[in-house]
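Student: Got a structure here, written out as structure tokens. Questions coming.
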Amino acid sequence: MTLFLPFVAAFATALLLTPAIRSLARKVGLIARPSQDRWHAKPTALLGGAAVYGAFLVGTSVALFVASAGTGAVTAIVRNPAIGIVIASSLMFLVGLADDRFHLRPSTKLIFQGLAATIVISFGVVYPVTGWQVINVLVTFFWFLALTNALNLLDNMDGVAVGVAAVAALFLAVTFQWEGAALLAAICMALVGAAVGFLPFNFHRASIFMGDSGSLFIGSLLAGLAASYPNTASVSIVAVLFVPAAIAVIPILDTVLVTITRTVAGRPISVGGRDHTTHRLVAMGLSERQVALLLYAFAAVGGLVAIGLRGAPPGIGMTAGGIFLVALLASAAYLGQIHTYSPADAPRGRATLLISNLLYKRRALEVVLDLIIFTVAYQLAYLLRWDGQLPAEQWAIFESTVAIAAVSKLVMFGIRGVYRGSWSQLNLRDAIHLVQATVLGSLVTVAAVMFFFPSASVSRSVLILDGVLVALLTLATRASFRTLDLLRHSLREAAEPVLIYGAGKGGELAVRELLGNADLQMTPVGFLDDDPSKLGRLVQGYPVLGDVAAARNIIPERGIKRVILGSRALLDEHVESLCTACRSFDVEIFRLELTFRPVGGKAAIAVDREPQAKVRAVPLQTA
């Protein structure tokens, strides 16, 4: 079956249908209003999901017509699992449409998601991850719910969710076509056409949003399609396990990041916020357009990894997947620090405190990353030694000794104090400790393997390669934080460095305005605040450097050109002291003001909170 016709039909329909849907949404009042926990700054039409869904149905109808004309078996088409996926995603479209209009409770949406997952499974769509059907059904059920909600969470910035979905659907179409699942491939291309046709209206600055009708529909459709990945003889178990996850990597990564950070902060996961991957990338200095394009690229990399895993031998596939997983987790760990929650969001309850201690005090994420690195390095050493083709006896030795190799190095890393340092502050001393821990871990690995498996013919070159790879990979992951810091600063090197006084909500507002308004040509460096409990904290990814008294040292040290007062509730003596310090270094000082300007020439009203009005920085008289 040709994949061109479903794509063109859906693409053309989306281009024609979206403007009409946008006009309808404005007429009936289905408008997304700006709010503090949302990113958009102006009222924007909803109902974009209806345009995507309508275009998809047209493309899918073309695919079904071609399939039935080619086979003459309409009954077989109707009973195809693909039809169950379309029915379930159609149900989710209706649920999302009701949510856009009536704001359904999360529990209500979850019930309907469970119903949709049941429909998919009843049509024979089961993710074949194990040899037990009951477990496979449960995994499929939770996979459907997880990916549906993951794309819903990702739909938080112009063009991101629909573009990432288009990339994922394209790679799914390629893999289905290679496996001979022509109808599934055609349905994927119908989704690609609908998404690409809608994207010009949804890309920054968007004139229409998908709403929950679009994000729930696309998320459930991708979940069902990914769970249908063929379990044929040409597909390895590694491919079955990791190909769908690699293709859907961006929504999965964003969901994991938001879930962990909100849980640690004691915030409900279901409540919206500006703490998603997209928002953190903007805080790094990227524009909204650059964020969307970067995530498209990451989604494409995930698709390429999935294609590579599809035909790779198990050993190479697991190694490549492990390296990809390490890179993703390291990126997530870095992005996780580019946001802080207000003190009101402090961890609450024993369960939340336990998770917080586990993730932060016990450095669990670093330990998990290192365990993956140790495993990947050990397997890669075997693959390099045997030119990618492990003999059966060597594969058996690897499986028997890999746990010993990983645990031995983990113990030595702990003893040498590797987990006491900060990745963002990696220095020569930390690197030396890491290399020492690697050498000791390799020696302990050799001793342990010889003790527990004296008859095993472990190659000495494998153990040497293992130590070298562990050192390189662990140093690379830790150095990545410093590299990303340099990249973050280079993105805004053309702008003047700015210090913000006040690390509260006004200060956060100042950061968002400076990052989002390139015309100001100012980049935040850090904060001043007289609350000693905030010293060293990160606010929107920028540190609280000290109080007003420290300004005389911070200004010349950081090359500060301007200072912004990020709050109106500042003590006069502190402001006067800061003004004196600024005059000493010929630094301009501004006050952040938020105004309502009524039509008709009346006086503007300055306010402290964050209504939907224009933010501007106004110079403060220092004389």
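Student: Taking segment 407-431 as the region of interest, how many residues are over 17 Å from Asp370 (Cα atoms) and among the hydrophobic types (A, V, I, L, M, F, W, C)?
Tutor: As a first pass, look at segment 407-431 and keep what is over 17 Å from Asp370 (Cα atoms): 425, 427-429.
Those left that are additionally among the hydrophobic types (A, V, I, L, M, F, W, C): 428.
Residues meeting the conditions: 1.
Student: Right, here's the next one. What's the total number of residues in segment 156-179 that are within 18 Å of Pro251 (Cα to Cα) and among the aromatic types (Phe, Trp, Tyr)?
Tutor: Result for segment 156-179: 1.
Student: Report yes if Arg289 is basic (Lys, Arg) and at pLDDT 75 or above, otherwise no. Steps first, please.
Tutor: Numbers: basic (Lys, Arg): yes; at pLDDT 75 or above: yes.
Yes; evaluated as a whole, the condition is true for this residue.
Student: All but one of (1) modelled with pLDDT under 85; (2) in the same structural domain as Lys409 (by TED's automatic domain parsing) hold for Leu443, so report the exception by its number.
Tutor: Every condition holds for Leu443 apart from (1).
The rows are residues; the columns are (1) within 27 Å of the chain's Cα centre (by Cα); (2) within 25 Å of Gly193 (Cβ to Cβ); (3) buried (at least 20 other Cβ atoms within 10 Å of the Cβ); (4) not basic (Lys, Arg).
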site	(1), (2), (3), (4)
Leu64	no, yes, yes, yes
Ala88	yes, yes, yes, yes
Asp100	yes, yes, yes, yes
Leu104	yes, no, no, yes
Ser107	yes, no, no, yes
Ala165	yes, yes, yes, yes
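Student: For segment 421-430, check the following and say yes or no: at least one residue is touching a helix residue (DSSP H, G or I) at 6+ places or on another chain (Cβ under 8 Å), surrounded by fewer than 16 Cβ atoms within 10 Å (Cβ to Cβ) and of a type outside the set (Phe, Trp, Tyr). So that I can check it myself, show each step before the final result.
Tutor: To start, the set of residues in segment 421-430 that are touching a helix residue (DSSP H, G or I) at 6+ places or on another chain (Cβ under 8 Å) comprises 421, 423-424, 426, 430.
Still in the list and also surrounded by fewer than 16 Cβ atoms within 10 Å (Cβ to Cβ): 424.
Among the residues that remain, those that are also of a type outside the set (Phe, Trp, Tyr) are: 424.
The answer is yes, given that some residue of segment 421-430 is touching a helix residue (DSSP H, G or I) at 6+ places or on another chain (Cβ under 8 Å), surrounded by fewer than 16 Cβ atoms within 10 Å (Cβ to Cβ) and of a type outside the set (Phe, Trp, Tyr).
Student: Going by the conditions given, is Ala283 touching a residue at least 24 places away in the same chain (Cβ under 8 Å), of a type in the set (A, V, I, L, M, F, W, C), over 17 Å from Asp155 (Cα atoms) and crowded, with 18+ Cβ neighbours inside 10 Å?
Tutor: Working: touching a residue at least 24 places away in the same chain (Cβ under 8 Å): yes; of a type in the set (A, V, I, L, M, F, W, C): yes; over 17 Å from Asp155 (Cα atoms): yes; crowded, with 18+ Cβ neighbours inside 10 Å: yes.
It is true that Ala283 is touching a residue at least 24 places away in the same chain (Cβ under 8 Å), of a type in the set (A, V, I, L, M, F, W, C), over 17 Å from Asp155 (Cα atoms) and crowded, with 18+ Cβ neighbours inside 10 Å.
Student: Across segment 352-389, what is the total count of residues that are in a helix (DSSP H, G or I) and modelled with pLDDT under 50?
Tutor: Initially, segment 352-389 is screened for residues in a helix (DSSP H, G or I), giving 352-361, 364-385.
Next cut, modelled with pLDDT under 50 only: 352-361.
Of the residues in segment 352-389, 10 are in a helix (DSSP H, G or I) and modelled with pLDDT under 50.
Student: Out of the residues in segment 390-420 that are of a type in the set (Gly, Ala, Ser) and in contact with a helix residue (DSSP H, G or I) (Cβ under 9 Å, 6 or more places away or on another chain), state the one that is modelled with the lowest pLDDT. If you could, list the steps in order and put the result at the bottom.
Tutor: If we filter segment 390-420 for residues that are of a type in the set (Gly, Ala, Ser), which is where we start, we get 392, 396, 400, 403, 405-406, 408, 414, 417.
With in contact with a helix residue (DSSP H, G or I) (Cβ under 9 Å, 6 or more places away or on another chain) added as a condition, the list becomes 400, 403, 405-406, 408, 414, 417.
Numbers: Ser400: 88, Ala403: 92, Ala405: 91, Ala406: 93, Ser408: 92, Gly414: 88, Gly417: 83.
Among those residues, the one meeting the criterion is Gly417.
Student: Applying the selection to segment 440-455, what residues are surrounded by 15 or more Cβ atoms within 10 Å (Cβ to Cβ) and under 17 Å from Ala381 (Cβ atoms)? Quick ask: steps written out before the conclusion?
Tutor: Taking segment 440-455 as the starting set, the residues that turn out to be surrounded by 15 or more Cβ atoms within 10 Å (Cβ to Cβ) are 440-442, 444-446, 448-449.
Those that are surrounded by 15 or more Cβ atoms within 10 Å (Cβ to Cβ) and under 17 Å from Ala381 (Cβ atoms): Gly441, Ser442, Val444, Thr445, Val446, Ala448, Val449.
Student: From the list Val435, Val470, Val462, which residue is surrounded by fewer than 19 Cβ atoms within 10 Å (Cβ to Cβ) and in a helix (DSSP H, G or I)? Step through it out loud before you land on a result.
Tutor: Numbers: Val470 fails: surrounded by fewer than 19 Cβ atoms within 10 Å (Cβ to Cβ); Val462 fails: surrounded by fewer than 19 Cβ atoms within 10 Å (Cβ to Cβ).
That would be Val435, the only listed residue that is surrounded by fewer than 19 Cβ atoms within 10 Å (Cβ to Cβ) and in a helix (DSSP H, G or I).
Student: Restricting to segment 167-217, what's the tally of residues that are aliphatic (A, V, I, L, M), surrounded by fewer than 24 Cβ atoms within 10 Å (Cβ to Cβ) and within 29 Å of Leu104 (Cα to Cα)?
Tutor: Looking only at that region, the number is 3.
Student: Give just the number: which of (1) closer than 16 Å to Ala550 by Cβ; (2) at pLDDT 90 or above; (3) in contact with an Asp or Glu (Cβ under 8 Å, 6 or more places away or on another chain) does Thr474 not satisfy?
Tutor: Status for Thr474: all satisfied but (1).
Student: List pairs: first in segment 247-258 and on the phi > 0 side of the Ramachandran plot, second of a type in the set (Val, Ile, Thr), Cβ under 8 Å, 6+ apart or cross-chain?
Tutor: none
Student: Next question, about the same structure. Suppose we filter Arg416, Arg385, Arg420 for residues that are free of Cβ contacts under 8 Å to residues at least 24 places away in the same chain and out of contact with any strand residue (DSSP E or B) (no Cβ under 6 Å at 6 or more places or on another chain); which single one remains?
Tutor: Arg420
Student: Evaluate segment 47-60: report whether one residue or more is in contact with a Lys or Arg (Cβ under 7 Å, 6 or more places away or on another chain) and modelled with pLDDT under 95.
Tutor: So in segment 47-60, the residues in contact with a Lys or Arg (Cβ under 7 Å, 6 or more places away or on another chain) come out as none.
No, segment 47-60 contains no residue that is in contact with a Lys or Arg (Cβ under 7 Å, 6 or more places away or on another chain) and modelled with pLDDT under 95.
Student: Would you check if Ile415 is among the β-branched types (Val, Ile, Thr), more than 21 Å from Leu475 (Cα to Cα) and within 34 Å of the chain's Cα centre (by Cα)?
Tutor: Spelling it out, it is not the case that Ile415 is among the β-branched types (Val, Ile, Thr), more than 21 Å from Leu475 (Cα to Cα) and within 34 Å of the chain's Cα centre (by Cα).
Student: For segment 101-119, name all the residues that are in contact with a Ser or Thr (Cβ under 8 Å, 6 or more places away or on another chain) and at pLDDT 95 or above.
Tutor: Gln113, Ala116, Ala117, listed by residue number.
Student: Still on this structure: Being more than 17 Å from Val120 (Cβ to Cβ), polar (S, T, N, Q) and either at pLDDT 95 or above or touching a Ser or Thr at 6+ places or on another chain (Cβ under 9 Å) (or both) is the requirement here; does Ser207 meet it? Spell out the reasoning first.
Tutor: Numbers: more than 17 Å from Val120 (Cβ to Cβ): yes; polar (S, T, N, Q): yes; either at pLDDT 95 or above or touching a Ser or Thr at 6+ places or on another chain (Cβ under 9 Å) (or both): yes.
Here the answer is yes, as Ser207 does meet what is asked.
Student: Among the residues of segment 286-300, write down those that are free of Cβ contacts under 8 Å to residues at least 12 places away in the same chain and within 14 Å of the chain's Cα centre (by Cα). Don't jump to the end; show me each part of the working.
Tutor: The initial filter retains those residues of segment 286-300 that are free of Cβ contacts under 8 Å to residues at least 12 places away in the same chain, namely 290, 293, 297.
Correct list: Leu293, Ala297.
The values are calculated or read from the model by the stated rules, or taken from the named source; none is laboratory data. Computed from a predicted structure; not experimentally measured. Reconstructed Cβ throughout: ideal geometry from the backbone, glycine too, with neighbour counts over all protein chains shown.
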